[in-house]
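Working notes, beginning with the structure itself.
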Amino acid sequence: MKQLILIRHAKSDWSHNGIRDIDRPLNQRGNHDAPRMAEHFSKFFQPEIWYVSPALRAQQTAAYFLNKQQQHHIPSITEQALYSFDLNTVIQLITQFDNKYVSAALVYHNPTISETAHYFCNHFTEQVPTCAVVVLSFSVDQWQHLSADTAELSTYDYPKRHDWAFKS
């Protein structure tokens, strides 16, 4: 069994004119939602390794989730491929994961995160909102055996499904 956890970065701040896309931080809502999703998520899932886009908003989102991990020495790799916005690049990354890991989390961006979920689980048709968590399970023992439409959707959750999302 392999478990792939896809996390879209929390809401980013577009108010800074002239800032490069990769340097955009989380906004107030992102900083509100990410720790709450991380708290909720940590009750059910403990990935063994994390791959995170180099974008500041993804790094900040991942930090909230990693802070809630029961084991604090979980590998976290900043992965340029997750900022490529190219599905094939992301699929290639995933299928090359080290097989010693059963569960891996990726924190990155739309539209590629939605495309990844659709690719592995074609009955998943949602556009993944900010700070959403999509958990896919595969009945394989090696990451390189992951292929199109072979995943089972285990979890799909996002902030607006929770009462706290509507409170400041």
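Would you mention how many residues in segment 1-59 are assigned to a loop (DSSP other than H, G, I, E, B) and touching a residue at least 60 places away in the same chain (Cβ under 8 Å)?
6
Within segment 60-84, restricting attention to residues that are hydroxyl-bearing (Ser, Thr, Tyr) and assigned to a strand (DSSP E or B), which residue is surrounded by the most Cβ atoms within 10 Å (Cβ to Cβ)?
76
Checking residue 44 against (1) surrounded by 17 or more Cβ atoms within 10 Å (Cβ to Cβ); (2) more than 18 Å from residue 83 (Cα to Cα); (3) among the hydrophobic types (A, V, I, L, M, F, W, C), which single condition isn't satisfied?
So the condition that residue 44 fails would be (1).
How about segment 60-75: which of its residues are free of Cβ contacts under 8 Å to residues at least 12 places away in the same chain and more than 23 Å from residue 160 (Cβ to Cβ)?
72, 73
Consider residue 105 carefully, then state whether it is outside any loop (DSSP other than H, G, I, E, B) and small (Gly, Ala, Ser).
Criteria met by residue 105.
So is residue 124 in contact with a Pro (Cβ under 9 Å, 6 or more places away or on another chain), closer than 20 Å to residue 148 by Cα and not in a helix (DSSP H, G or I) or not?
no
Regarding segment 135-146, can at least one residue be identified that is closer than 21 Å to residue 46 by Cβ, in contact with a Leu (Cβ under 8 Å, 6 or more places away or on another chain) and assigned to a helix (DSSP H, G or I)?
no
Would you be able to say whether some residue in segment 18-26 is modelled with pLDDT under 95, surrounded by fewer than 22 Cβ atoms within 10 Å (Cβ to Cβ) and of a type in the set (Val, Ile, Thr)?
Among the residues of segment 18-26, at least one is modelled with pLDDT under 95, surrounded by fewer than 22 Cβ atoms within 10 Å (Cβ to Cβ) and of a type in the set (Val, Ile, Thr), which makes the answer yes.
The values are calculated or read from the model by the stated rules, or taken from the named source; none is laboratory data. Keep in mind it's a predicted model, so treat the numbers as computed, not measured. When we count neighbours, we look across all protein chains shown, and the Cβ atoms used for this are built from the backbone with ideal geometry, even at glycine.
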